[in-house]
Amino acid sequence: MDVSSLPATPREIRELIRGGAIARNTAGMAPGHVQANLAILPRDLAFDFLLFCQRNPKPCPLIEVVEAGQTEPRETAPGADLRSDTPKYRVYRHGEMTEETADVSEYWRDDLVSFLLGCSFSFESAMERAGVPLRHIEAGTNVSMFVTDIETAPAGAFSGPMVVSMRPIPRDQVVRTVQVTSRFPGVHGAPVHVGDPAAIGIRDVGAPDLGDPVEIRDGEVPVFWACGVTPQAVAMRSKPPLMITHSPGHMFITDLRDEDLAVF
């Protein structure tokens, strides 16, 4: 299904996702609305993860925490269901991804706490308005994501490397890109690195760990933002008995407007 043919409202898109009509990544959907990463954990690990997010606001900017057993994110998407309104989920057990599915109702437990974290898809509308090209949206593909050698600040049971997303930016628009995205700290904000991928442990920028590769053309610079897939890399190292997440690029679309999270 082409993004341009989709409804504009998050609620309508979530209904299509819940009904199985949308299974692709959500880049470019519901322009102007906040998309969110998802991490769901047992209550006995929720405080440690909350502390981890507070210590690592770049990759894990908190938007909403949903109480144990509840499936409706009442602050950001009233009426939604976190078990079914994301196109694709991943289930991690003791650090291993064991399932990828369109619905996690069968895995649901009354002790599960859900965390919605900001996603860089949310500032892409502002980038486009500023005239910054976004090749993954033009191509209808997922954004490139990489596991770096940048260590997050550990908290309780959780530690691990930062994941970043990459977008090739024309050299003469890098400063403008930093200015635009820095307005949105609630969805990762300004880049964490510009230029040489090897400086953050990326050996081959053409072979992402997650998502799809994108061409970096002459006159363009790879620009890297902290990414909300970081909890999945953390899960693989920290090995919690259970963590349910979105599949990379398959986000939960909230009712919030991007400007609701802008700081100036």
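The values are calculated or read from the model by the stated rules, or taken from the named source; none is laboratory data. Predicted model, so just to flag it, every value in this text is computed and none were measured. Using ideal geometry, Cβ is built from the backbone for each residue, glycine included, and neighbour counts are taken over all protein chains shown.
Select, from Ala68, Ala80, Ala21, Ala27, the only residue that is exposed (fewer than 14 other Cβ atoms within 10 Å of the Cβ) and among the hydrophobic types (A, V, I, L, M, F, W, C).
Details: Ala68 fails: exposed (fewer than 14 other Cβ atoms within 10 Å of the Cβ); Ala80 fails: exposed (fewer than 14 other Cβ atoms within 10 Å of the Cβ); Ala27 fails: exposed (fewer than 14 other Cβ atoms within 10 Å of the Cβ).
So the residue among Ala68, Ala80, Ala21, Ala27 that is exposed (fewer than 14 other Cβ atoms within 10 Å of the Cβ) and among the hydrophobic types (A, V, I, L, M, F, W, C) is Ala21.
Condition check: within 22 Å of Ala36 (Cα to Cα), outside the structural domain of Val104 (by TED's automatic domain parsing) and among the β-branched types (Val, Ile, Thr). Does Val178 satisfy that? Judged against the criteria, Val178 is a match. All conditions but one from (1) within 27 Å of Arg18 (Cα to Cα); (2) out of contact with any Gly (no Cβ under 6 Å at 6 or more places or on another chain); (3) modelled with pLDDT under 95; (4) among the small types (Gly, Ala, Ser) apply to Gly118; the one that does not is (2).
Within segment 136-175, restricting attention to residues that are surrounded by fewer than 18 Cβ atoms within 10 Å (Cβ to Cβ) and modelled with pLDDT under 95, the residue that is nearest to Ala233 (Cα to Cα) is Thr141. Scanning segment 249-257 for residues that are modelled with pLDDT under 95, surrounded by fewer than 23 Cβ atoms within 10 Å (Cβ to Cβ) and farther than 19 Å from Leu112 by Cβ turns up at least one hit.
Close Cβ contacts (under 8 Å, 6 or more residues apart or on different chains) running from residues in segment 177-194 that are at negative phi and crowded, with 18+ Cβ neighbours inside 10 Å to residues that are part of a helix (DSSP H, G or I) and charged (D, E, K, R) comprise Phe184/Asp258; Val187/Asp258.
Restrict the check to segment 76-84 and report whether at least one residue is among the small types (Gly, Ala, Ser), touching a residue at least 60 places away in the same chain (Cβ under 8 Å) and not in a loop (DSSP other than H, G, I, E, B). Within segment 76-84 (the criterion being among the small types (Gly, Ala, Ser), touching a residue at least 60 places away in the same chain (Cβ under 8 Å) and not in a loop (DSSP other than H, G, I, E, B)), the answer is no, since none of the residues qualifies. Only one entry in Ala30, Ala36 is of a type outside the set (S, T, N, Q), closer than 23 Å to Glu259 by Cβ and assigned to a strand (DSSP E or B), namely Ala36. From the list Gly156, Gly160, the lone residue that is more than 17 Å from the chain's Cα centre (by Cα) and on the phi > 0 side of the Ramachandran plot is Gly156. Residues in segment 4-18 that are touching a residue at least 12 places away in the same chain (Cβ under 8 Å), surrounded by 15 or more Cβ atoms within 10 Å (Cβ to Cβ) and under 20 Å from Glu75 (Cβ atoms): Pro10, Arg11, Ile13, Arg14, Ile17, Arg18.
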